[in-house]
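Encoded as structure tokens, the structure appears first; notes follow it.
Any read-out appearing in this document is the output of simple, stated calculations on the displayed coordinates, not a laboratory observation. Keep in mind the model is a prediction, meaning the values are calculated, not measured. Methodologically, a virtual Cβ is constructed for each residue, glycine included, from the backbone with ideal geometry; neighbour enumeration extends over all protein chains shown.
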């Protein structure tokens, strides 16, 4: 009997706590235009485990067989130039399926490794445009994960963010230019003790999540027990969460289809912009991201109209990294966002943050 070589991945639905991080990742999968997630927090808080679990959770996608960019068979915006030319010539494409790509960007990666390289010698001698795709090509229609992104060279972060925003990667050298689709969800993680990301770069991430070490003894024991059970018998552990995984995967697929039907009334959009103005947020990126994240959350819950609670649950992660820092202020940026939200939306401040969290099993 043929043995499977697929490595066991800790199931997303088995991860204990870190609700804000899980919510931000799910919303970006539902609507990649939100702009990615920056996860900052302590070491050993499950950042990498959660991200890999998300990639394993996602359903397979249709791709053009043999295409290095994971081109979509039917969406021109997600097709390489070569695939579009083949379609224009009337060629019938072979269609295959693949797991949503999950690409890790190592800290020591060069710009050529990230963007791809052009073989100049071959181009000049043979007249052939020989392009070696990079990590951005492999990440198209998937997830691109950068651990310790705050330690990555700023110019590489710029390239990543530009590609994530435009959905395209362009490589130019010696008068030769290659352009290919590079639409992916950019996920960065880091420990603030090892250095901060420049505000100009941090602002370009759609959402920012802060994760903390679990302090409750019972929850800590639960996390340890879960991990031990998985390490001892991954196959059986995953089997126990199979139904939950399928249910969540189905909700994601339905939310992606539902997204275009979700509306935000004008009054709510005005209050969102009033909140950003009250917090003195530069630019309009904050307004746009809140609108998109709230719509994605509404779709995830199977509704078609955004309400105040939807905004409440995403507002801190959409704005905390866009606030101007006051070194004398004692209140954290996330708490400041929630305080002003309650004032603008005329709500009493909650005793806890439960109103601002998503319970995945509701």
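Please identify which residues in the stretch 185-215 have an amide N closer than 18 Å to a label point set 7 Å out from the Cα of residue 155, following the Cα→Cβ vector. Counting only backbone N, you get 198, 201.
Measuring how big the chain is from its alpha-carbon positions, Rg and Dmax come out at 21.6, 71 Å.
Net length available on complete extension from residue 8 to residue 89 is 24.9 nm, with 0.36 nm assigned per residue and the Cα-Cα distance removed. Pairing the Cα long axis of helix 242-258 with the longest principal axis of the chain, what angle in degrees results, from 0 to 90 and rounded to the nearest 10? For helix 242-258, the angle is close to 80 degrees. Annotation for the stretch 84-103 versus the stretch 254-308: alpha-carbon center distance of 33 Å. Model label points for residue 65 and residue 301, set 7 angstrom from Cα along the Cα-to-Cβ axis, are 4.4 nm apart.
Please identify which residues in the stretch 31-51 have an amide N closer than 20 Å to a label point set 7 Å out from the Cα of residue 194, following the Cα→Cβ vector. Answer for this model: 37-51.
Using 0.36 nm per residue and subtracting the Cα-Cα separation, the extra length available between residue 77 and residue 335 on full extension is 89.0 nm. Only Cα sites of the stretch 179-220 enter the Debye sum here, all with the same form factor; the resulting log10 I(q)/I(0) across q = 0.20, 0.31 1/Å is -0.83, -1.20, listed in q order. For the residues 89, 99, 245, a GNM of the chain with alpha-carbon springs under 10 Å puts the largest fluctuation on 89.
Does the stretch 114-269 come out rounded, prolate or oblate by the C-alpha gyration tensor, with a ≥ b ≥ c the root eigenvalues, rounded set by a/c under 1.5 and, if not, prolate when a/b is larger than b/c and oblate if not? Working shown, then result.
Numbers: a/c = 1.76, a/b = 1.67, b/c = 1.05.
Prolate, since a/c reaches 1.5 and a/b exceeds b/c.
Compute the angle between helix 308-319 and the longest alpha-carbon principal axis of the chain, please, reported from 0 to 90 degrees and rounded to the nearest 10. Result, in degrees: 60. Measure nothing fancy, just the Cα-based angle from helix 333-344's long axis to the longest principal axis of the chain, in degrees from 0 to 90, nearest 10. The two axes meet at around 70 degrees.
Each peptide in 265-271, 209-215 was scored by the mean count of other Cβ atoms within 10 Å over its residues; highest first, the order is 209-215, 265-271.
Using the Cβ-Cβ distance between residue 347 and residue 16 with R0 set to 25 Å, the FRET efficiency works out to roughly 0.30.
Could you check which residue among 305, 82, 111 shows the biggest mean-square fluctuation in a GNM of the chain with a 10 Å Cα cutoff? Most flexible of the set in this elastic network: 82.
Which shape class applies to the stretch 6-102: rounded if a/c is under 1.5, otherwise prolate when a/b exceeds b/c and oblate if not, where a ≥ b ≥ c are the square roots of the Cα gyration tensor eigenvalues? It would help to have the intermediate numbers written out before the result.
Values: a/c = 3.39, a/b = 2.28, b/c = 1.49.
It is prolate, given that a/c is not under 1.5 and a/b is the larger ratio.
Gaussian network model of the chain, Cα springs within a sub-10 Å range: biggest mean-square fluctuation belongs to which of 286, 36, 66? Among 286, 36, 66, the largest mean-square fluctuation in the Gaussian network model of the chain belongs to 66. By the helix-only formula, in which each DSSP H run with n ≥ 4 contributes -39500 (n - 2.57) and the sum is divided by residues, the chain has a 222 nm mean residue ellipticity of -13000 deg cm²/dmol.
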